[in-house]
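Below: the structure, in structure tokens.
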Amino acid sequence: MFGRNVHVETVVMLFHKKNDSVINVKVEFGESEGKVPLDNIAKRAEAYKPKARVTYKKIQEYIEAKYGFKVHTTYIAEVKKELGLPMYDAPNAVEELKQPRKHPTPEKVEAIKDALKYFDIVK
């Protein structure tokens, strides 16, 4: 029916739509009457600024600095899962573990929970 030709055609209709209406806004910045103070803009922008992401590495560094011991990322993930916090798929996850997974000691669990409170992840 089409033969051996590998020719493909695409038809696209382009159009330009004009605006229904235009709104012009004039804003003056400064300290006098009727002007928007620059201080308020900076404060509002700071309020909308997203928080820095808290990584497992930051949690590990906090625990090592405060408690003097290291925690493995699997321990942090286990505590987060236990608390019902959102979890993401690890890109390096394996289907079968080579060794059985150890569980964190109560001391490490409390340190991880403290770090999560410090970083405002849990209340």
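The values are calculated or read from the model by the stated rules, or taken from the named source; none is laboratory data. Fair warning: this is a prediction, and the values are worked out from it, not measured in the lab. Every residue, glycine among them, receives a Cβ derived from its backbone with ideal geometry; neighbour counts consider all protein chains shown. The protein model used for the area step is the full one, side chains on, heavy atoms only, and it has no ligands, DNA or RNA in it. Shrake-Rupley method; radii C 1.70, N 1.55, O 1.52, S 1.80 Å.
In terms of its Cα atoms, the chain spans 77, 66, 22 Å along the principal axes, sorted from long to short. For region 22-31, backbone phi angles converted through the Karplus equation (6.51, -1.76, 1.60; θ = phi - 60°) give residue-by-residue couplings of 10, 10, 9, 10, 10, 10, 10, 9, x, 10 Hz, Gly and Pro being listed as x. Protection proxy ranking for 14-21, 76-83, using the average of other Cβ atoms within 10 Å per residue and placing the highest first: 76-83, 14-21. Each Lys or Arg adds one and each Asp or Glu subtracts one; over the other residues with Cβ under 11 Å from the Cβ of His103, this totals +1.
When the charge dipole of region 3-123 is built from unit charges on Cβ atoms (+1 for Lys and Arg, -1 for Asp and Glu) and taken about the Cα centre, the candidate among Tyr48, Leu14, Ile59 whose Cα reaches farthest toward its positive end is Ile59. Charging the Cβ of each Asp and Glu at -1 and of each Lys and Arg at +1, and nothing else, the dipole of the chain about its Cα centre rounds to 180 debye.
Pairs over the 23 Å Cα-Cα cut-off, from the set Lys66/Lys113; Lys102/Lys123; Lys43/Lys66; Lys51/Lys117; Lys49/Lys70: Lys102/Lys123; Lys43/Lys66; Lys49/Lys70.
Label positions at Tyr88 and Ala65, each projected 7 Å from the Cα along the C-beta direction, are separated by 2.2 nm. To the nearest 10 degrees, how steep is helix 73-82 against the longest Cα principal axis of the chain, on a 0 to 90 scale? Helix 73-82 sits at roughly 80 degrees to that axis. Of the heavy-atom accessible surface of the chain (probe 1.4 angstrom), what whole percent is carbon and sulfur? Percent of accessible area from carbon and sulfur atoms in the chain: 54. In plain terms, the chain from Val109 to Phe15 could stretch by 27.7 nm, reckoned as 0.36 nm per residue minus the Cα-Cα distance. Output the 0 to 90 degree angle, nearest 10, between the alpha-carbon long axis of helix 38-48 and the longest principal axis computed from the alpha carbons of the chain. Between the helix axis and the principal axis of the chain, the angle is about 60 degrees. Would you kindly find the accessible area of Thr74, with a 1.4 Å probe and non-protein molecules such as ligands, DNA and RNA excluded, rounding to the nearest 10 Å²? Counting only protein heavy atoms, the figure is 40 Å².
Work out the FRET efficiency for Ala47 and Glu95 from their Cβ-Cβ distance, taking R0 = 35 Å, and round it to the nearest 0.05.
Numbers: r = 45 Å, r/R0 = 1.28.
Efficiency computed from Cβ-Cβ geometry: 0.20.
Charges were assigned to the Cβ only: +1 to each Lys and Arg, -1 to each Asp and Glu. The resulting dipole of region 42-102 about its Cα centre is roughly 400 debye.
Considering every pair of different Cα atoms, what Kirkwood radius, in Å, is found for region 36-101? Show your work: numbers first, answer last.
On the way: mean 1/r = 0.0648 Å⁻¹.
Over region 36-101, the inverse of the mean reciprocal pair distance is 15.4 Å.
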